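In what follows, a single structure is set out as structure tokens and then discussed.
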Amino acid sequence: EQALHNEEIEEEPQPPPEAENAEQQQRRRDIQRKVMHLHRVTGHGSVASLVHALKARGAAEDVIQAARDLQCPTCQEHRRPAPRRHATLETLPRKWERIQIDRGDWTHPVHRHKLRFVMIIDEGSRFRAGRVLSGPARRAGTWEDIQKVYEQIWLPTHGAPAAVRVDPAGPWMSHKADDYFAERGIQLDPIPAEAHWQIGAVERAVRNLKSVLEALAPEFPDMRMFETTDEKPLNNDVFEDGGFGQNIRAMCLAEKAFIDEQARQR
């Protein structure tokens, strides 16, 4: 009898694999439909809350997984727009690694004489240097003038930088400037027209210098700074007007004008 029973067990038909897969797929669809119904009747709450509630009720793992994978078309249609990515600020380069160069024009308020100067500033240290160009302002400021200023007042003291940022206009449109820096392994980085903030340091330095000159010119109209027969560096030489008291007065006016301009730029 035991042998006959074993033969009957062995002869029992097994369900085909296709039928078993169909049953699993039907069960999965039923679970998804019920989870979606539960999500809707609970007011389209968050998926995390739904998963937490199912775990608290002791639901099966496949039901919990269906809740995690839930995608409600209504919720996707009415969800909040994704927030914008946080702005990323450019890191400050190391000292003497990248410089900015720009030109500036200024008209003497008393003599009505026009000056053109070149300003260079290091992005890492904010150290700046400049020079008034000789000759008529409308003719000064060519690439040869800027190259001369760079080689005389910057290169001997601070060495060659890794990159130079400039406004792609005027003398910087010349291929000579590109060739000059390329031959020396220096990256010439013309900024986009809509991104002047990338040379904001040198543009602020130009505005600061103009404010100082505006403050000094009325009281010291004959300072050596305003002579254009020769190139003059923009350093302490500006205050050599022949008297210690007047030097102190000039430095105080310059410092006050510089601080006021910095406050306005904030």
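The set of residues from segment 116-128 being surrounded by 21 or more Cβ atoms within 10 Å (Cβ to Cβ) and touching a residue at least 60 places away in the same chain (Cβ under 8 Å) comprises 117, 119, 120, 121, 123. Taking the criterion of being surrounded by fewer than 20 Cβ atoms within 10 Å (Cβ to Cβ) and among the aliphatic types (A, V, I, L, M), the residues of segment 89-114 that qualify are 89, 92, 110. The one condition from (1) under 50 Å from the mean Cα position of the chain (by Cα); (2) at pLDDT 85 or above that residue 44 does not meet is (2).
Of the set (1) free of Cβ contacts under 8 Å to residues at least 24 places away in the same chain; (2) closer than 16 Å to residue 98 by Cα, all apply to residue 179 but (2).
Restricting 8, 61 to residues that are over 30 Å from residue 161 (Cβ atoms), modelled with pLDDT under 85, surrounded by fewer than 11 Cβ atoms within 10 Å (Cβ to Cβ) and not assigned by the TED database to the domain that holds residue 189 narrows the list to 8.
Name every residue in segment 102-127 that is among the aliphatic types (A, V, I, L, M) and more than 13 Å from residue 221 (Cβ to Cβ), in order of residue number. Scanning segment 102-127 gives 115, 118, 119, 120, 121. Evaluated against (1) within 26 Å of residue 114 (Cβ to Cβ); (2) at pLDDT below 70; (3) aliphatic (A, V, I, L, M), residue 177 falls short on exactly one condition, (2).
The values are calculated or read from the model by the stated rules, or taken from the named source; none is laboratory data. Worth saying up front: this structure is predicted, and the values here are computed from it rather than measured. Positions of Cβ are generated from backbone atoms using ideal geometry, with glycine treated the same way; all protein chains shown enter the neighbour counts.
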